[in-house]
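Notes follow the structure.
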Amino acid sequence: MRLLVTGGAGYIGSVVAAMLADSGHDVVVLDDLSTGHEDAVPAAACLRRGTIRDDARPVLATGIDAVLHFAAKSLVAESVAHPALYWEHNLGGTLALLEAMRVSGTRRIVFSSTAAVYGEPEHVPITEADPVRPTSPYGASKVAVDTALAEYARMHGIGAVSLRYFNVAGAYADAEGTWRGERHSPETHLIPAVLAVARDGTAPFRLFGDDYPTPDGTCVRDYIHVADLARAHLLALDACAPASHAIYNLGSGTGSSNLEVLDSCRELTGLQIPVQVAPRRPGDPAVLVASSEAITAALGWRPEHDLRSMVADAWTFAQLTAASRERAGG
């Protein structure tokens, strides 16, 4: 199949694009490179630099069979400070993409959604039947896209699958041995942030809150390896049914505390990573864990990697990236 991966130069999008290319698909990546990295795009893929608002229609006209949609802004704090930016890009851009799909006759889309749609849950594990109550414009924009997908499925026969994932981590090596991992600026994700402290020997890692009602007092989050996540997108692509919109959570079903993540990073690196405890961040729930029973029942997906594997792969990628920077600087 000829596939369009929007946002395919970003962390998750590039891993999915690589896995698709390794599976023999003809992959086109559309990315404006505002946050993505050109060298993350698989060599076998065709990179079109541009936005989904302005450039999706001519790309789709080249005979695209389906879309995997990752192009979005995704910083919660930024969305609170600049909500209009998130509505314009995440919802406005997706509406432009869906209209371009309607015009071109492209009838399948897999959408990269988020657990942020649930806000602060009443219970865990969270299921797809639980209410969506986002606490940020970022999460709200993703809910709005789900509504749009359901309407385009109903009115225009598009088949859509939304994947709501929790904390993605780890790195992935493609068939050529090229590694892809997290390169965010600023880095807001726990595992790469801890590993950055381990690698650079900089100031202590700031741990937000150690007085939560959890076994060790720190937040518990559900982590999923990026390779498991990418595999779910390939399964979802094959499951897009005409005139339907399906929603699935992706997670481990258990969760790991911040201290457990820290201990795993210390074990894998062999380094005593210093920590400074800081006050809780407003709005951080004590526990966020997903139920993935629905996608297991429907598509047979299960996570195959544990926390140790995520940390090990992330550490490999961090070391390779640091070595590459040293060579470039030297």
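I'd like the full set of residues that are outside any helix (DSSP H, G or I), surrounded by fewer than 22 Cβ atoms within 10 Å (Cβ to Cβ) and at pLDDT 95 or above, limited to the range 104-120.
GLY105, ARG107
For the condition within 26 Å of PRO137 (Cα to Cα), touching a strand residue (DSSP E or B) at 6+ places or on another chain (Cβ under 8 Å) and aromatic (Phe, Trp, Tyr), what is the one hit in TYR86, TYR11? Please lay out each step first, then the result.
Working: TYR86 fails: touching a strand residue (DSSP E or B) at 6+ places or on another chain (Cβ under 8 Å).
Result of the check over TYR86, TYR11: TYR11.
Inside the range 140-151, can you point out the residues that are surrounded by fewer than 22 Cβ atoms within 10 Å (Cβ to Cβ) and either touching a Gly at 6+ places or on another chain (Cβ under 9 Å) or touching a residue at least 60 places away in the same chain (Cβ under 8 Å) (or both)?
Correct list: ASP146, ALA150.
Among the residues of the range 105-139, which ones are among the small types (Gly, Ala, Ser), touching a residue at least 40 places away in the same chain (Cβ under 8 Å) and within 24 Å of ALA230 (Cα to Cα)? Lay out the reasoning, then the answer.
Taking the range 105-139 first, the residues among the small types (Gly, Ala, Ser) are 105, 112-113, 115-116, 119, 129, 136, 139.
Imposing the further condition that a residue be touching a residue at least 40 places away in the same chain (Cβ under 8 Å) reduces the set to 112-113, 115-116, 136, 139.
Correct list: SER112, SER113, ALA115, ALA116, GLY139.
Any residue in the range 285-302 that is among the acidic types (Asp, Glu) sitting within a Cβ distance under 9 Å of a residue that is outside any loop (DSSP other than H, G, I, E, B) and open to solvent by less than 40 Å² (accessible area, probe 1.4 Å)? List the pairs, counting only those 6 or more apart or interchain.
Correct list of pairs: GLU293/ASN249.
Could you list all residues from the range 78-106 that are among the β-branched types (Val, Ile, Thr) and touching a Leu at 6+ places or on another chain (Cβ under 7 Å)?
Listed by number, the list holds a single entry, THR106.
Condition test on SER74, is it among the hydroxyl-bearing types (Ser, Thr, Tyr), open to solvent by 20 Å² or more (accessible area, probe 1.4 Å) and in contact with a helix residue (DSSP H, G or I) (Cβ under 7 Å, 6 or more places away or on another chain)? Break it down into steps so the answer makes sense when it comes.
Numbers: among the hydroxyl-bearing types (Ser, Thr, Tyr): yes; open to solvent by 20 Å² or more (accessible area, probe 1.4 Å): yes; in contact with a helix residue (DSSP H, G or I) (Cβ under 7 Å, 6 or more places away or on another chain): yes.
Spelling it out, SER74 is indeed among the hydroxyl-bearing types (Ser, Thr, Tyr), open to solvent by 20 Å² or more (accessible area, probe 1.4 Å) and in contact with a helix residue (DSSP H, G or I) (Cβ under 7 Å, 6 or more places away or on another chain).
Could you please let me know if THR296 is among the hydroxyl-bearing types (Ser, Thr, Tyr) and either open to solvent by less than 30 Å² (accessible area, probe 1.4 Å) or touching a Leu at 6+ places or on another chain (Cβ under 9 Å) (or both)?
Details: among the hydroxyl-bearing types (Ser, Thr, Tyr): yes; either open to solvent by less than 30 Å² (accessible area, probe 1.4 Å) or touching a Leu at 6+ places or on another chain (Cβ under 9 Å) (or both): no.
Spelling it out, it is not the case that THR296 is among the hydroxyl-bearing types (Ser, Thr, Tyr) and either open to solvent by less than 30 Å² (accessible area, probe 1.4 Å) or touching a Leu at 6+ places or on another chain (Cβ under 9 Å) (or both).
Report every pair of residues separated by at least 6 positions or lying on different chains whose Cβ atoms are under 7 Å apart, first residue within the range 1-30 and under 17 Å from PRO58 (Cβ atoms), second part of a helix (DSSP H, G or I) and β-branched (Val, Ile, Thr).
Correct list of pairs: LEU4/VAL59; VAL5/VAL16; THR6/ILE52; VAL28/VAL59; LEU30/ILE52; LEU30/VAL59.
Could you check how many residues of the range 316-328 are open to solvent by 30 Å² or more (accessible area, probe 1.4 Å) and either hydrophobic (A, V, I, L, M, F, W, C) or modelled with pLDDT under 95 (or both)? Spell out how you get there, then give the answer.
Our first condition is that a residue be open to solvent by 30 Å² or more (accessible area, probe 1.4 Å); within the range 316-328, this holds for 316, 319-320, 323-328.
Retained after the next criterion (residues that are either hydrophobic (A, V, I, L, M, F, W, C) or modelled with pLDDT under 95 (or both)): 319-320, 323-328.
Of the residues in that region, 8 qualify.
Could you identify the single residue in ALA96, ALA153, ALA160, ALA169 that is within 23 Å of VAL15 (Cα to Cα) and over 16 Å from the mean Cα position of the chain (by Cα)? Give the steps one after another, and end with the answer.
Details: ALA96 fails: within 23 Å of VAL15 (Cα to Cα); ALA153 fails: within 23 Å of VAL15 (Cα to Cα); ALA169 fails: over 16 Å from the mean Cα position of the chain (by Cα).
So the residue among ALA96, ALA153, ALA160, ALA169 that is within 23 Å of VAL15 (Cα to Cα) and over 16 Å from the mean Cα position of the chain (by Cα) is ALA160.
Whether any residue in the range 160-170 is in contact with a helix residue (DSSP H, G or I) (Cβ under 9 Å, 6 or more places away or on another chain) and surrounded by fewer than 19 Cβ atoms within 10 Å (Cβ to Cβ) is what I want to check. Give the steps one after another, and end with the answer.
Within the range 160-170, the first condition is being in contact with a helix residue (DSSP H, G or I) (Cβ under 9 Å, 6 or more places away or on another chain), and the residues that meet it are 160-170.
Now drop any that are not surrounded by fewer than 19 Cβ atoms within 10 Å (Cβ to Cβ), which leaves none.
No: the range 160-170 contains no residue that is in contact with a helix residue (DSSP H, G or I) (Cβ under 9 Å, 6 or more places away or on another chain) and surrounded by fewer than 19 Cβ atoms within 10 Å (Cβ to Cβ).
Only one of these is touching a helix residue (DSSP H, G or I) at 6+ places or on another chain (Cβ under 8 Å), at pLDDT 95 or above, part of a loop (DSSP other than H, G, I, E, B) and open to solvent by 10 Å² or more (accessible area, probe 1.4 Å): GLU128, GLU187. Name it. Before you say what the answer is, go through the steps one by one.
Numbers: GLU187 fails: at pLDDT 95 or above.
Residue meeting the stated conditions: GLU128.
Which residue, of ASP228, ASP222, is over 23 Å from ASP284 (Cα atoms) and acidic (Asp, Glu)?
Criteria check complete, one pass: ASP228.
Of the conditions (1) open to solvent by less than 20 Å² (accessible area, probe 1.4 Å); (2) at negative phi; (3) in contact with a strand residue (DSSP E or B) (Cβ under 9 Å, 6 or more places away or on another chain); (4) not β-branched (Val, Ile, Thr), ALA196 satisfies every one except a single condition; which number is it?
Going through (1) open to solvent by less than 20 Å² (accessible area, probe 1.4 Å); (2) at negative phi; (3) in contact with a strand residue (DSSP E or B) (Cβ under 9 Å, 6 or more places away or on another chain); (4) not β-branched (Val, Ile, Thr) one by one, ALA196 breaks only (1).
Of all the residues that make up the range 79-103, how many are touching a residue at least 60 places away in the same chain (Cβ under 8 Å) and either closer than 19 Å to ALA243 by Cβ or open to solvent by 20 Å² or more (accessible area, probe 1.4 Å) (or both)?
Initially, the range 79-103 is screened for residues touching a residue at least 60 places away in the same chain (Cβ under 8 Å), giving 79, 97-98.
So of that shortlist, the ones also either closer than 19 Å to ALA243 by Cβ or open to solvent by 20 Å² or more (accessible area, probe 1.4 Å) (or both) come out as 97-98.
Qualifying residue count, the range 79-103: 2.
The values are calculated or read from the model by the stated rules, or taken from the named source; none is laboratory data. None of these values were measured; they are calculated from a predicted model. Because the Cβ atoms are built from the backbone with ideal geometry, glycine has one as well, and the counts that use them run over all protein chains shown. Remember, those area values only see protein heavy atoms, side chains included, never the ligands or the DNA or RNA. Shrake-Rupley method; radii C 1.70, N 1.55, O 1.52, S 1.80 Å.
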